[in-house]
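The values are calculated or read from the model by the stated rules, or taken from the named source; none is laboratory data. What you are looking at is a predicted structure, and each value in this text was computed from that prediction instead of being measured. All Cβ positions, glycine included, derive from the backbone under ideal geometry; neighbour counts span all protein chains shown. Just the protein is used for accessible areas: all its heavy atoms, side chains included, with ligands, DNA and RNA removed. Shrake-Rupley method; radii C 1.70, N 1.55, O 1.52, S 1.80 Å.
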Amino acid sequence: MKLLDKLRGRIILFLCLFGISPLVTASVITYTIISYEHTEHTKEELLEIENKLSRRLETLIYFKWNNTILYSKLPLIKDSADNKKRSALLKEVIKQYYSFSWLGLTDENGVIIASSNDEHIGVDAANSGWFKKGTLANPAYAEEPHISEFSDGVSVVSFSAPVFNSAKRFSGMLHAEVKTDVLVEDMKNIGIGKSGSVLLARGDGVVVADEKGAVAGFHTNVGNLNAFQKAKKGEKGIIREIDHNGIESFISYVPLKGLLTMPGFEWYLLATQSTKETHASSKRIAYVAIAVILIGIGGIGVGSYFIAGGITHPIEKIVGVVQGVAAGDFSKEVDVSAKGEIGMLVGSINQMIKAVKYRDAEVQTKARELTKLNEKLEMANIELRKTHAQLLRSGRLAAIGELSSKIAEDLNKPILNILYNTQLTIKQMNKISKLLPAGLENCQDYIRAIEASSLTCKIMAENLLRFSRYEKTIFIPVDIKEVIEESVGFISYRISHAKIKIVKELAPSFPKIEANPLQLVQAMINIMLNAVEAMGEEGALTIKGEADNRIARITICDTGIGIPEEDIERIFEPFFTTKDKEDDAGLGLGLTIAQSIIKEHNGMISVKSSSEGTIFIIELPVNPDRKVTG
């Protein structure tokens, strides 16, 4: 019942989620789309306002700039000596074109000789910026918004055109001023929502006008805004950042270039609107969507409860029958008068019970047959192993094996004779060492060298004999610690003349293993000799031994030059060696014989090598019933 209650709860949860998910998804998608559309609409509106204003401003300023140049070339301006007539002309221009707030003409020294306001005649303007820069301009100089003494102390944009007489001689400067408020007339009262604004900034970032008209005082600076910096680079677009009032806003930006190519003029137009206002309508939609979702959850929850009850009741009966089938009772069938998918499920379960009953009997029969086949397969596998061993023995380099056997037998007797006599000589010389005349102190070292070489030849001959002959291995209980000690003692003669240190790290006790001790000693000697030859005259040979109730592990480490990576897979191949032929390279059978012996003991041998040395790891199966302590 608890499981069915959980199932009923899960069904209700699933139905709720299944019904609510599309509702939530649709609401989220709707909110995202509307929010995106509002944002894009705001961006488009800002860019559209900015484009219109920029074109209007560029056109107005261009005309004023161009008019100034045209006036400077009028005959009355450039050639007349009657300054009163010149002043009359300038006053008439002011009347005809209200956008000009002041016009004045200087002589070549910068003194105003004609003006739209007689009070300014005689004023020395030689040190003014517009006079100095205007004399260098061609054809005119435009000065950014500033406070002018000639235009009643208001913000103006001025244009200065040099005047040349008919003789093409500089005769003065025509200076025209336009009130900034007149130029930005189109910016006034532009509505960009409740929080939007339009800013006209100079090249130094100072705001000279906004949606209310010309700005007095020039206190606002937008030079640190990214939008302004992008506009200064000649870019045009819209970004999202904190505006000059510290409010997160969308800011569109555009440099007023176009027609404004006159020297000294650098304006940028920015339009802003806060992101909070942009997303306000989207939030209202989000609240409506949340309300719809909550109502939908309630309705779906009630419907899900009744639907889940109609599903779990038949399932309760189905579970009872299925549990009986799981216990091996195939006598019952599901008795539920349901329609639709549940009815189809009941029919399928009843058919399944009948099929399982039939299959159960069939499986029992097949299992008995499979057991018999498995026994036959095991017998065939044993025969296959025997055949494989025979094939390996028969195909093991038969011709080389036969020759190796003959050579080994022929060499073994003289080698043993040399070894026996050498060892006998060593014993005798030990007795008379004090009686040796001067100069013969090193004889014992020479004879021991002969002994070492003889032992090496003996091991090579035994390797050849083992490689060429197949002998049945006899296994007896063996103490692996004694095998290690005997192997170490056997190679001591090879390192007595070198600076090679032997380190033994053996466990205090080892379980006995079923093995052939002579073969294991031979395998370990072959590996240790290989390690000694790799180290040369100096190094450390470490033999570690450990065991548990399952595996005895012997690790042989050297500090030699290591084995090249490409040769590691080949080191166990017969007659393979990495030593130079000029050196005492041996026959290349030592590791082959060692691997063969380990495999015959159902063990494993592996190797790891680097430039710091080589590690051979031997793993042999353990007989846990015997344990030796020493």
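A few points about this structure:
- Under the Debye formula (equal points on every Cα, no solvent term), log10 I(q)/I(0) of region 508-550 at q = 0.15, 0.20, 0.25 Å⁻¹: -0.53, -0.81, -0.98
- Pairs from Lys212/Lys276; Lys84/Lys132; Lys52/Lys84 whose Cα-Cα separation, in the structure shown, is over 31 Å: Lys52/Lys84
- FRET E, pair Ser611, Lys501, Förster distance 22 Å, beta-carbon r, rounded to 0.05: 0.65
- Here the 3J(HN,Hα) profile of region 72-78, calculated from phi with Karplus coefficients 6.51, -1.76 and 1.60 at θ = phi - 60°, is 5, 9, 5, x, 5, 7, 8 Hz, Gly and Pro shown as x.
- Size of electric dipole in region 100-222: Cβ of Lys, Arg +1 and of Asp, Glu -1, about Cα centre, debye, nearest 20: 380 debye
- Order of exposure, largest accessible area first, which applies to Val156, Val356 with probe 1.4 Å: Val356, Val156
- Whether region 60-180 is rounded, prolate or oblate, judged on the alpha carbon gyration tensor where a/c under 1.5 counts as rounded: rounded
- In Hz, Karplus ³J(HN,Hα) per residue of region 519-529 (6.51, -1.76, 1.60; θ = phi - 60°; x = Gly, Pro): 5, 5, 4, 4, 4, 5, 4, 4, 5, 5, 4
- Cβ-Cβ FRET estimate between Lys232 and Thr135, R0 fixed at 22 Å, reported to 0.05: 0.20
- Point-to-point label distance, Glu378-Glu44, nm (Cα→Cβ direction, 7 Å offset): 8.3 nm
- Once the Cβ-Cβ distance of Ile568 and Thr275 is raised to the sixth power relative to R0 = 56 Å, the FRET efficiency obtained is 0.25.
- Relative contact order, percent, region 76-210 [alpha-carbon distance under 8 Å, six or more residues apart]: 21 percent
- Packing around the peptides 478-491, 598-611, taken as the average count of other Cβ atoms within 10 Å per residue, puts them in this order, highest first: 478-491, 598-611.
- Region 105-184: trypsin sites (Lys or Arg not before Pro) in DSSP loop, at most 11 other beta carbons within 10 Å: Lys168, Arg169
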